[in-house]
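Inspection log for the structure reproduced underneath, given as structure tokens.
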Amino acid sequence: MASSSALILFSLLIFSFSALAISKCPSASDEKVSLSLYYETFCPGCSEFIVHELPKIFKNRLIDIVDLNLVPYGNANLLKNGTIICQHGPFECFLNTVEACAINSMPEYEYFEFIRCTENFIAEGKAEESSSCLDKTPGHGKILHDCYTSGRGQKIELQYAKVTAALNPPHEYVPWVTVNEVPIRMDIENFMKYICKAYKGTSTPKACKELPKGIIPAEPKLNMKVCRVNDASRMTKPRPRGITGWKF
């Protein structure tokens with residue numbers, strides 16, 4: 001009887017210490033740095049950043065300390081009747097919505113690879129062929145189709161419209177990158193430095209240790225392919241057949 005009571009007491013003590021240890025351990029989400037990209041699918045600078053820069057955080061595993069937030073809405077305009085007018089036309093609205101569906105329906109690495117693949121086709125002037133990117137994520141075609149045709153994708157885009165409109169300071173162009181809600185403006189090539197500087201965790205990632213020290217704000221790049229808010233000169237007219245030619 002005594003041994004049984006001692007065993008129960010010992011078990012309770014172990015449970016108490018375990019609970020205390022868990023409660024004192026900081027959660028992974030508390031340590032992560034928020035990285036947000038506000039973009040639109042047909043903006044050259046956005047495609048370039050997604051295809052050539054963002055993949056680096058997956059390759060060097062900096063993604064482990066990042067809370068990645070992609071918002072495919074950009075410089076679109078929301079009318080009073082709920083209609084969204086995109087800067088580069090209907091096909092951009094279509095792919096903005098498809099990518100929004102991917103972000104909200106697929107695991108992080110899979111949706112990012114789909115978006116990277118799609119943006120690569122767009123950058124090469126082959127937007128109509130980007131539906132082939134679904135071949136890399138078997139089974140997700142129907143999920144994206146259902147999301148788009150059911151109107152769920154449109155609802156997500158309307159939410160992105162609110163999030164983008166609420167930015168403080170307001171975005172001036174896309175790609176618009178923020179680290180912990182602070183815009184890094186034209187210095188997006190150094191976005192990993194900003195992530196490392198903002199990281200407050202106890203164990204510095206190897207990727208951060210390998211980056212050059214310090215952050216020096218870059219001079220505005222005159223050749224940076226940004227798409228500015230209400231800049232009509234950036235507007236293009238993608239071929240209408242692109243939408244009908246895109247298959248889930």
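The values are calculated or read from the model by the stated rules, or taken from the named source; none is laboratory data. Since the model is a prediction, treat every value here as computed from it, not as a measurement. Reconstructed Cβ throughout: ideal geometry from the backbone, glycine too, with neighbour counts over all protein chains shown. These accessible areas exclude ligands, DNA and RNA; they are computed on the full protein's heavy atoms, side chains included. Shrake-Rupley method; radii C 1.70, N 1.55, O 1.52, S 1.80 Å.
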For region 26-37, which positions are closer than 26 Å to GLY153 by Cβ and open to solvent by 10 Å² or more (accessible area, probe 1.4 Å)?
SER34
The residue that is least open to solvent (accessible area, probe 1.4 Å), considering only those in region 136-147 that are closer than 14 Å to LYS247 by Cβ and either among the acidic types (Asp, Glu) or more than 19 Å from the chain's Cα centre (by Cα) (or both), is GLY141
Every listed condition ((1) open to solvent by 30 Å² or more (accessible area, probe 1.4 Å); (2) over 24 Å from TRP246 (Cα atoms); (3) part of a helix (DSSP H, G or I)) holds for ASN81 save (3)
Contact list please: Cβ distance under 7 Å, first residue in region 99-114 and touching a residue at least 60 places away in the same chain (Cβ under 8 Å) and aliphatic (A, V, I, L, M), second residue surrounded by 14 or more Cβ atoms within 10 Å (Cβ to Cβ) and in a helix (DSSP H, G or I), pairs at least six apart or on different chains.
ALA100/GLY153; ALA100/ILE156; ALA100/GLU157; ALA100/TYR160
Testing VAL182 on (1) surrounded by fewer than 21 Cβ atoms within 10 Å (Cβ to Cβ); (2) more than 25 Å from ASN77 (Cα to Cα), one condition comes back false. Which one is that?
(2)
Quick one: would you say ASN230 is among the polar types (S, T, N, Q), at pLDDT below 95 and either assigned to a loop (DSSP other than H, G, I, E, B) or closer than 24 Å to ALA76 by Cβ (or both)?
yes
Those residues of region 148-165 which are assigned to a helix (DSSP H, G or I), open to solvent by 10 Å² or more (accessible area, probe 1.4 Å) and under 15 Å from SER105 (Cα atoms) amount to TYR148, THR149, ARG152, GLN154, LYS155, ILE156
Using beta carbons and a limit of 7 Å, which pairs, at least six apart or on different chains, have the first residue in region 163-175 and at negative phi and the second one open to solvent by less than 30 Å² (accessible area, probe 1.4 Å) and polar (S, T, N, Q)?
HIS171/THR164; VAL174/ASN75
Selection over region 84-113 where residues are part of a helix (DSSP H, G or I), under 25 Å from MET192 (Cα atoms) and out of contact with any Gly (no Cβ under 8 Å at 6 or more places or on another chain) yields a count of 9
